[in-house]
Amino acid sequence: MTETVGDYLLTRLRDWDVDHVFAYPGDGINGIVTAFGRADNRPKFVQTRHEEMAAMAAVGYAKFSGRAGVCLATSGPGAIHLLNGLYDAKLDHVPVVAIVGQTARTAIGGHYQQEVDLHALFADVASEYLVEVTVAEQLPNALDRAMRVAYAARTPTALIIPADLQEEPYEPPQHAFRHVPSSPPSRPATVVTAAQPEVVRAAEVLNAGEKVAILVGQGARGAADEVRDVADLLGAGVAKALLGKDALPDTESYVTGSIGLLGTRPSYDMMTGCDTLLIVGSNFPYSQFLPKPGAARGVQIDLDGKLIGMRYPTEVNLVGDAAETLRALIPLLRRKTDRAWREKIEEDVASWWQSMERQAMVDADPVNPMRVAWELSERAPDDAIITADSGSAANWYARHLRMREGMRGSLSGTLATMGAGVPYAVGAKFAWPNRPVIALVGDGAMQMNGLTELITIRRYHEEWADQRCVICVLHNNDLNQVTWELRALGGAPKFEESQTLPDVSYADFARSIGLGGITVTSPDQLGDAWDIALRADRPTVVDVHCDPNIPPIPPHATADQLKAVTQAVLKGDPDAWDLVKEGLKAKVAELLP
């Protein structure tokens, strides 16, 4: 049979070691879908319930595998549905390639059914590389560039292939004028190291500091040993931006944990008390949680020169790979003999974790959501991959979950979209079918799309060597994060018409489709529920009925935020008494010696 453009597309994806394509079918990609059939489903067509979930799963796959995620959708509505996931990839710097159909070339410009201006649609999200393939000879270079740019720029790219072209015979580019060849697939191998004179300047700044703080992000994930060495030499503590939560384990005595709105007290105190700041692989946006300008000298290391010096007036900016640049820096650093700063950080960290345990054990009605993450920390396997959704679930993930060596975790860090937790878990299971995956998800996100993606999990789970895929739902019938933002930032009482969710049994739904389902309505049931789910022979939903009135307000909340919550109570918040009671109990647990 003559090889079609659709056939060649899949051949080239296999050459790029693409094993999975997260997709939803439609007649704008029929020529590619039929090619999957002829190729014995290689790469594997993973059918999600919605194109947005295909893009989100591709992001999760890319985050946890280190390989480009690939998603596929039809023209018009299918392409439009990809946007949210692609923006998640763009903002979190993740390589994803979107392949989308388009109406037949003969109909383009004719106001045809499902014809959308895809160049305008993807112009921003795929700004690094967006191309429409109009002849077969164009395909190898177009696809290869989409993959190479995605890897090199850590960004989404988009490839548009009209429906009629997909079924035409494939012809390679000719050795001729206006034909563009390509080369065999290859990943970027160049390691960028900062210029040595700038490394020397950075060492001078760091050596001069007496109270050094380090902030790491996801760009430091491959440089954990080097960060440890630098922190030891400088007597520094290490705070972590949310996307870098798994860059260094929380079991290290000097790791202060998350920073920012979802951050910890030790991270806040370290940043306000330091005289020198080293930022490694992070573009953490909330500069109010960094030292005040002028209070500390700064050094930044980042692979992307476009992101250098954006968040803090850093004195020395090193553009380069985190591990390589730190290795060049380490021989130039002098070990601090005065360890008082480091010892204070370690004391603060130890005290903080004790406070977090006390807060997690505070009685609630019915279950304290902090305890959900705390109990998981004690039970999560060493090779667990943990995803979290946006909302109050992200608070407990950030502050209460203790990452250990070998564990991975992520969430929608910059776009902060709801609905990423379960499709991330799907992508993670296809990336690592032999590892346990756990998702912490609010009931709002479950109603938005998580319930439908349980069907995707049901469809594919028997292909996974390790059946453990636990979806933990924080079930409080409230869009809790926004409810608290209304209170803390606007001084507004809860508006029940917008904030209250319909009550649904997520465990019952899971059981109805053949998955495991456990309902937790008492804190005494929580530990056993985690144990059962993490030993189960099938994916399991743990449906935890949580108290919506446990405040996710950070330990470093401002006076204005506390005043706003008080105003919300005085204005007639429907949960006023519970807010006061639970807030006081949590604060007392934090402050106890």
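To the nearest ten degrees, helix 451-460 and the longest principal axis of the Cα atoms of the chain are 60 degrees apart. Compute the label zone of Ile330 within the stretch 204-246: residues whose backbone N is under 16 Å from the point 7 Å along Cα-to-Cβ. Zone members listed by number: 220-236. Accessible area per residue for the stretch 380-477 is 25 Å², calculated with a 1.4 Å probe on protein heavy atoms, without ligands, DNA or RNA. On the beta carbon distance between Ala152 and Phe495, with R0 = 35 Å, the FRET formula returns roughly 0.15. A Cα-only calculation for the stretch 170-312 places Rg and Dmax at 19.4, 65 Å. Probing with 1.4 Å while keeping every protein chain in the model, the per residue accessible area of the stretch 25-71 equals 30 Å². If you wrap the stretch 121-242 in the convex hull of its Cα atoms and look at it from every side, the mean projected area works out to 12.2 nm².
Estimated at 0.36 nm per residue, the fully extended path between Leu415 and Asn434 surpasses their Cα-Cα distance by 3.9 nm. Here the accessible area of the stretch 350-502 is 51 percent carbon and sulfur, with a 1.4 angstrom probe and all protein chains present. FRET efficiency for the Ser183 to Arg228 pair, using the beta carbon distance and R₀ = 41 Å, is estimated at 0.60.
Remark: spin-label model distance Met361-Ala120 equals 6.1 nm, labels positioned 7 Å along the Cα→Cβ axis.
The residue list Pro162, Met270, Met370 was ranked by how far each Cα lies along the charge dipole of the chain toward its positive end, using unit charges on Cβ atoms, and Met270 comes out on top. Extension gain, Glu463 to Lys292, is 56.4 nm, computed as 0.36 nm per intervening residue step minus the present C-alpha separation.
Between Lys344 and Thr193, the FRET efficiency estimated from the beta carbon spacing at R0 = 45 angstrom works out to 0.85. Straight Cα distances below 16 angstrom link Lys245 to the aspartates and glutamates Asp92, Asp225, Asp382, Asp383, Asp389, Glu405, with same-chain residues fewer than 8 positions distant left out. The length gained on full extension between Thr134 and Tyr112, counted as 0.36 nm times the residue separation minus their Cα-Cα distance, comes to 6.2 nm. Report, in degrees rounded to the nearest 10, the 0 to 90 angle that the Cα long axis of helix 224-234 makes with the longest principal axis of the chain. It works out to around 30 degrees. Of all beta bridges that DSSP places with both ends in the chain, some 5 percent have antiparallel geometry. When the solvent-accessible area of the stretch 109-187 is split by element, carbon and sulfur atoms take up 52 percent of it, the probe being 1.4 Å. Averaged per residue, the stretch 81-211 has 48 square angstrom of accessible surface, using a 1.4 angstrom probe with ligands and nucleic acids left out.
The values are calculated or read from the model by the stated rules, or taken from the named source; none is laboratory data. Everything quoted here is computed from the prediction, not taken from an experiment. FYI the Cβ positions are ideal-geometry reconstructions off the backbone, even for glycines, and counts take in every protein chain you see. Note: areas computed on protein heavy atoms with side chains; ligands, DNA, RNA excluded. Shrake-Rupley method; radii C 1.70, N 1.55, O 1.52, S 1.80 Å.
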